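A.B. asks: Can you read through this structure? Questions will come right after.
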Amino acid sequence: MAPVGTPSHLDCRAPRALSGDERYALAYCAEHAVADCVRCRRSYREADLVTGYLRHLCPSCRQDLTESIRAHLDACTIMPEDVRRRARAVRAAAEKLVKQSNELADHADVLMREAEATIAALRDTRRRPATNDLDALRLAIKLRLADGRLPHQDIPPTISGGPGDGSRCAACDETVRPGDLMMRVPSRARWSSAAPEVETVALHADCFQLWNQERRRLTPS
């Protein structure tokens, strides 16, 4: 037992659980109710409660009644004053630990959101081509427009877009990943007896913008 008025060590991983001193104090309360369930509007002795891992639960609704037991230990007049004083000290320490654990959880949530924002910014920066790469990509698009690998005529006014499906970008030859915006550009139509079958090429959104600029230079408005 710890000295009178000094709380014994609490489980820092479960500060809401009753300590050894608190369970010892409950021995004085074996014959009367020690917990009130607000939901069921009933009072229970310790023997009536369902004991789970580090918790005391209401036998009807399974609500955790540990804090109700602590409140009783703080006010019970049957147990000796020194035991009750020790229970108060343990309760104060437990409340402090609960407050600290909530503050740590809030801080961890903030750090997690900041980390996610940083990762997203890094991913976005990595996807943006450098100036030299941009010039090389623009040149590649010009060459592919010239040799017909990229279309520049009979382009509809509206181009559909959606999430990438793993197709190869017709401008940069990189895979259009599911997290990227992919544009589908009609390239040619194969006519059959039923209806024309339209072929398309896939482009990253950035490559699409460059392609659109370059093909407008080749196609009279």
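A.B. asks: Roughly speaking, what is the stretch gain from Ala117 to Arg88, that is 0.36 nm per residue apart minus the C-alpha to C-alpha distance, in nm to one decimal?
C.D. replies: Contour length minus Cα-Cα distance gives 6.1 nm.
A.B. asks: Starting from the 7 Å offset along Cα-to-Cβ, what nm value, one decimal, do you get for the label separation of Glu95 and Leu134?
C.D. replies: It is 6.0 nm.
A.B. asks: Sorted by packing (mean other beta-carbon atoms within 10 Å per residue), highest first, where do 75-82, 36-43, 156-163, 144-151 land? Walk me through the numbers on the way to the answer.
C.D. replies: Details: 75-82: 11.2, 36-43: 13.5, 156-163: 9.6, 144-151: 15.4.
Top to bottom by mean Cβ count within 10 Å: 144-151, 36-43, 75-82, 156-163.
A.B. asks: Still on this structure, please answer the following. At Ala30 and Gln63, where each label point lies 7 Å from the Cα along Cα→Cβ, what is the point-to-point distance in nanometres?
C.D. replies: Distance between label points: 2.8 nm.
A.B. asks: Another question, then. Given the Cα-Cα distance of Ala75 and Asp48 and 0.36 nm per residue of separation, how much length would full extension add, in nm? Don't skip to the end; give the middle numbers.
C.D. replies: Numbers: separation 27, 0.36 × 27 = 9.72 nm, distance 2.03 nm.
7.7 nm is the gain from fully extending Ala75 to Asp48.
A.B. asks: Estimate the FRET efficiency between Ile159 and His107 by the formula 1/(1 + (r/R0)^6), using the beta-carbon distance for r and 35 Å for R0, to the nearest 0.05.
C.D. replies: 0.15
A.B. asks: How big, in percent, is the set of alpha carbon pairs in the range 131-218 lying more than 15 Å apart?
C.D. replies: Values: 2224 of 3828 pairs.
Result for the distance tail: 58 percent.
A.B. asks: Would you kindly state how much longer the chain becomes between Arg41 and Arg149 on full extension, computed as 0.36 nm times their sequence separation minus their alpha carbon distance, in nm to one decimal? All intermediate terms of the calculation are to be shown ahead of the outcome.
C.D. replies: On the way: separation 108, 0.36 × 108 = 38.88 nm, distance 7.69 nm.
Here the answer is 31.2 nm.
A.B. asks: Non-local amide H neighbours of Leu150 (under 5 Å, H modeled in plane, Pro and chain starts lacking H): which ones?
C.D. replies: Amide H to amide H, under 5 Å and 5 or more residues apart or across chains, Leu150 pairs with Leu145.
None of the figures in this text is laboratory data; all of them are computed from the coordinates on show. These numbers come from a predicted model, not from an experiment. Reconstructed Cβ throughout: ideal geometry from the backbone, glycine too, with neighbour counts over all protein chains shown.
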